[in-house]
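Take a look at the structure below.
The values are calculated or read from the model by the stated rules, or taken from the named source; none is laboratory data. Since the structure is predicted, the reported quantities are computational estimates derived from the model, not experimental observations. Glycine also receives a Cβ, built like all others from the backbone with ideal geometry; neighbour counts cover every protein chain displayed. Only protein heavy atoms, including side chains, enter the accessible area calculation; ligands, DNA and RNA are left aside. Shrake-Rupley method; radii C 1.70, N 1.55, O 1.52, S 1.80 Å.
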Amino acid sequence: MEYRLITRPAEVLPGAHLISHAGSPLWAAFDIPALADMIAHANAGHVADSRFACAPFARITLIPGSAWQDALTDSLLTHLRPLFKSPASEEVVLDCTSLTENRVRDSALRWFFNLDHSLDDLGLRKRDEQQLRVKTLCGFSLPEQQSALSEAFRQQHAVAKGMLAARRLADIPSETCTPQFVTEEAQRLCAQYPALKCEVLDEKAIVEQGLGLLHAVGKGASRPPRLLAIHYNGAETGPVRSYVGKGITFDTGGLWLKEGAGMYTMKYDMCGAANVLGLMLSIAELKLPVRVMGVLALAENAIGPDAMQPGSVARACNGLTVEINNTDAEGRLVLADAIAWASQRHPQTQYIIDMATLTGAVVKALGYELSGLMTQDEPLRSALTQAGDKSGDEVWSLPLDKRLKKQTESAIADLCNTPTNNAAISASAAWLLHHFCPSDIPWAHLDISGTALWREGGRSVASGRPIPLLMQHLLDDL
Ligand code: BES
Ligand code: MN
Ligand code: ZN
C-alpha cells in the first residue's frame, strides 16, 4: 500500500472513502448533502456511515470523537474493522486532524498498512476478482501537524512491511513451510537489502557446532532443522542487539503427542522466528543506524522412529545438558541452543531478546492482548514495558527469579525441560532459558502464544506482534 500526505482539501481525489469525525476542518471546504445528518448522528456517539449523497467521496464514515482518543481498547480499530471487510474504494482518506494520541495514530496507520495481508495471496483458493483492495492511504492533516505525521507514516509503513512478510510466511501451511523453506524465503527477502546478510547452519553444522538441543527436536522429522542468523550492519561499530525466535514449523508435541484440536494451529509455532525475520526487514527498511543480529531456530517437532524420547538427555552448545521430560516442551530446547549460540557469536551483545509461542499457560495468565515479559534485567524490563505502552503492542511482566529453581531440577542432567508439578509453567520455561544466556548479557524473554495470532471470527491468523513493540524499543534507544 502506498501513502501520501495532504493538507489541502482540494488535494483529495474524487471517489475516495473518507474516514473522519464530526468536528473536522474539512467540512468548510465541501458542500456535502448528507453531512448535516451524519454530523448529528456522530455527535450523538454513533458511527455515521454513508455511501449516498457523499460526493466527491464514494463513502464517508464519521467515527465518534471518543474513539480517536481511546488508546487502551483500540475503539478506533473496532470501528474500522467491519468497514474494510470489503472496501468501498481503492483510496482511503484518513482525516488525521484528531489523531493526537500517538499510540492511537500509530496503531491505526499500522492497521491500515496491514490491510495488504490476505490469505488469498497464498494462491490456495480462487481469488475473488470483484473484491476491491485499498491501494493508497491518504493522510489529511493541518499544515502544522504534517511533519510529525510524515515521520509516523514512514515508520509505521516500514513496521507494517516487516509484519506483512512475517504474517505471510506464518500463514503458509507447514508441509510447505519447512525449516529449509523459511531459510530460503528469508534469504530471498533479505536480498532486497544490501545491509542484510544471512548465515545458515544446516543439520551437519548444527551437530558440529554442538547444538544438541536443536538437533534433538529436529531429528524426528523428515524435514531437517536449520539455524539461520541474519546480520544487519547499519553502523560500522557499536554493540550488536540480538533477537532470537522460536521457529517450530509444526508442533505435533512429538511422542508426547498433542490431541488434534490443540494441534490445529501449530503451523503458527514458528511465529517467533517469522517475527524476528520481519523485524530485521523493518529495521533495514528504515535504515536504522544500529547493528543487529536475528537468529531463527528452525525445526519441526514431529513423531517417527528418530523422534526424541521422553527421558532422553541432550547437550546444548554451551555445554549444559537437559533431560527431555516432555517432548511437547520443545520450544525452550531450540531457544536455549539459539540463545547460547547468539551469545557466543557476538560476546559483546547489548542485549538478547527472544520471542516464542512457548506456553499455552501464558494465555491463561494474560489473555490475547498482552505478551508475557520475563527478565531479570530491570532497565530492559522498563524500556520494553514503556515501548509497549507507547506502541500499543503491550507486554506484562511475569516473575523470574531463583525461587523457580526446583522447577528445572533433574536427577540425571543439569536441567529438566518441564516441571512435574504443572505449576508456574510460563515462568519455569523462562527460568530454564536464563541458563543459556551469560549473566553479563541483559536478556529478556517474550512469550507470545496469546498475541502472535489474531483471533478473527473463530479463526486464527498471524498478527506480526511483537514487531511494533520491538521497533518502538529500538527507535526509543537510538
Ligand atoms: N507451542 C506450544 C505452546 C502453545 C500452545 C502455543 C497453545 C500456542 C497455543 C508449546 O510447544 C507447548 O506445547 N507447550 C506446552 C508446555 C508444557 C508441555 C510444559 C504447553 O503449553 O502445554
Ligand atoms: Mn510443544
Ligand atoms: Zn511449540
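Summary table
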item: Subset tally (residues that are in a loop (DSSP other than H, G, I, E, B), farther than 16 Å from residue 78 by Cβ and under 25 Å from the mean Cα position of the chain (by Cα)) for segment 101-141; result: 7
item: Set 195, 158: member being aliphatic (A, V, I, L, M), modelled with pLDDT of 95 or more and either over 18 Å from the mean Cα position of the chain (by Cα) or open to solvent by 10 Å² or more (accessible area, probe 1.4 Å) (or both); result: 195
item: Segment 289-312, subset open to solvent by less than 10 Å² (accessible area, probe 1.4 Å) and more than 16 Å from ligand 2 (Cβ to nearest atom), residue farthest from residue 259 (Cα to Cα); result: 290
item: Criterion: among the aromatic types (Phe, Trp, Tyr), out of contact with any His (no Cβ under 7 Å at 6 or more places or on another chain) and surrounded by fewer than 19 Cβ atoms within 10 Å (Cβ to Cβ) - qualifying residue of 268, 264; result: 264
item: Any hit, segment 331-347, residues being in contact with a Ser or Thr (Cβ under 6 Å, 6 or more places away or on another chain), open to solvent by 10 Å² or more (accessible area, probe 1.4 Å) and either away from ligand 2 (no atom under 16 Å from the Cβ) or assigned by TED's automatic domain parsing to the domain that holds residue 219 (or both); result: no
item: Hits in segment 213-251 - residues which are within 14 Å of ligand 2 (Cβ to nearest atom) and surrounded by fewer than 24 Cβ atoms within 10 Å (Cβ to Cβ); result: 220, 221, 250
item: Complete set of residues in segment 419-442 that are out of contact with any helix residue (DSSP H, G or I) (no Cβ under 6 Å at 6 or more places or on another chain) and open to solvent by 20 Å² or more (accessible area, probe 1.4 Å); result: 420, 421, 422, 423, 424, 434, 435, 439, 440
item: Failed criterion for residue 255 (all others in (1) within 18 Å of the chain's Cα centre (by Cα); (2) more than 11 Å from ligand 1 (Cβ to nearest atom) hold); result: (1)
item: So residue 400, is it touching a His at 6+ places or on another chain (Cβ under 9 Å), under 21 Å from residue 170 (Cα atoms), open to solvent by less than 60 Å² (accessible area, probe 1.4 Å) and not in a strand (DSSP E or B); result: no
item: Complete set of residues in segment 19-43 that are outside any helix (DSSP H, G or I) and polar (S, T, N, Q); result: 20, 24
item: Selected residue (criterion: nearest to residue 228 (Cα to Cα)) from residues of segment 330-359 that are within 16 Å of ligand 3 (Cβ to nearest atom) and of a type in the set (Ser, Thr, Tyr); result: 357
item: Out of 320, 335, sole residue that is among the hydrophobic types (A, V, I, L, M, F, W, C), within 22 Å of residue 241 (Cβ to Cβ) and modelled with pLDDT of 95 or more; result: 335
item: Any hit, segment 467-476, residues being within 15 Å of ligand 3 (Cβ to nearest atom) and in contact with a strand residue (DSSP E or B) (Cβ under 8 Å, 6 or more places away or on another chain); result: no
item: Selection status of residue 73, more than 18 Å from residue 369 (Cα to Cα), among the β-branched types (Val, Ile, Thr) and open to solvent by 20 Å² or more (accessible area, probe 1.4 Å); result: no
item: Any hit, segment 123-134, residues being small (Gly, Ala, Ser) and touching a residue at least 12 places away in the same chain (Cβ under 8 Å); result: no
item: Matching residues, segment 281-308, being within 15 Å of ligand 1 (Cβ to nearest atom) and farther than 21 Å from residue 347 by Cβ; result: 298, 299, 300, 301, 302, 303, 307, 308
item: Residue list for segment 166-184, filter: assigned to a helix (DSSP H, G or I) and open to solvent by 20 Å² or more (accessible area, probe 1.4 Å); result: 168, 180, 181, 184
